1. What FRET efficiency would be calculated for the residue pair B:ASN30, A:GLN79, taking the C-beta separation as r and a Förster radius of 30 Å, to the nearest 0.05?
2. Can you tell me, using C-alpha contacts under 8 Å and at least 6 residues apart, the relative contact order of chain B as a whole percent?
3. Based solely on C-alpha atoms, express the radius of gyration and the Dmax of segment B:41-93 in angstrom.
4. Based on a Kirkwood Rh over C-alpha pairs, give the Stokes-Einstein translational diffusion coefficient of chain A at 10 °C and viscosity 1.306 mPa s in µm²/s.
5. What value in Å³ per residue do you get for the convex hull of the alpha-carbon atoms in the protein assembly as shown?
6. How high is the relative contact order of chain A, in percent, counting Cα pairs under 8 Å that sit 6 or more residues apart?
7. Compute log10 of I(q)/I(0) for chain B with the Debye formula, placing one identical point scatterer on every Cα and leaving out solvent, at q = 0.13, 0.14, 0.19 Å⁻¹, to two decimals.
8. I'd like the distance separating the alpha-carbon centroids of segment B:1-38 and segment A:36-97, in whole Å.
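Derivation of every value follows stated rules applied to the coordinates shown; laboratory data play no part. Nothing here was measured: the structure is a model prediction, and the numbers come from that model. Using ideal geometry, Cβ is built from the backbone for each residue, glycine included, and neighbour counts are taken over all protein chains shown.
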Amino acid sequence: GQNIDQPTEMTATEGAIVQINCTYQTSGFNGLFWYQQHAGEAPTFLSYNVLDGLEEKGRFSSFLSRSKGYSYLLLKELQMKDSASYLCAVRDNDYKLSFGAGTTVTVRA
Amino acid sequence: ETGVTQTPRHLVMGMTNKKSLKCEQHLGHNAMYWYKQSAKKPLELMFVYNFKEQTENNSVPSRFSPECPNSSHLFLHLHTLQPEDSALYLCASSQEEGAGANVLTFGAGSRLTVL
């Protein structure tokens with residue numbers, strides 16, 4: 001089966017930087033996604049990486065290393081509204097998407 | 001609103017009841033999905049419909065029965081459920097299943113409690 005690992009919880013201070021790591025072992029690789037899910041709300045798409053390197057979108061960046069089976073989501077200049085669960089998902093050779101259990105980020109004032 | 005609407009948002013049912021969850025999207029997408037989300041666990045894919053044809057049934061018990069009458073609507077019919085089926089059921093849609101970025105647009109979910 002597919003294996004996607006990410007930390008369960010992280011806490012950081014408003015204005016700080018937090019890095020959420022995701023490691024994966026899957027049957028091949030066809031892209032990695034990050035989603036954000038606020039409590040009681042729909043998961044929403046944040047980023048997509050298919051090639052090695054860093055993708056930047058405003059305060060959020062996502063990095064991928066296919067050889068290491070590793071990605072991270074970097075959240076800069078944290079705001080209270082960034083408190084949410086962050087889901088890492090990997091698509092395999094059959095284009096099936098597998099999700100990690102999610103990382104709950106709590107931003108404190 | 002994310003473009004994918006799920007009803008009801010909350011449902012409490014007994015083990016002998018029959019109920020249905022409804023999902024609707026008007027994004028022009030051709031693929032629709034049901035996922036189960038339990039606390040502290042990864043999202044579990046249940047069913048996939050691509051151009052109204054079911055392409056995935058991820059070993060889901062027969063007490064869950066999907067229906068996709070058209071590319072905009074998806075139902076999950078529930079019958080004789082077990083307490084362990086209590087979870088958040090998420091519907092999602094995408095342009096189509098498979099290649100490309102294929103970003104999923106999720107609904108807010110239906111929170112199901114089985115007594």
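1. Details: r = 36 Å, r/R0 = 1.19.
So the FRET efficiency works out to roughly 0.25.
2. Values: 292 pairs, mean separation 42.9, N = 115.
Relative contact order here is 37 percent.
3. 11.4, 33
4. On the way: Rh = 13.9 Å.
Roughly 115 µm²/s, to the nearest whole number.
5. On the way: hull volume 26.6 nm³, N = 224.
It is 119 Å³ per residue.
6. On the way: 277 pairs, mean separation 41.1, N = 109.
Over chain A, the number comes to 38 percent.
7. Values, matching the q order: -0.44, -0.51, -0.95.
8. 24
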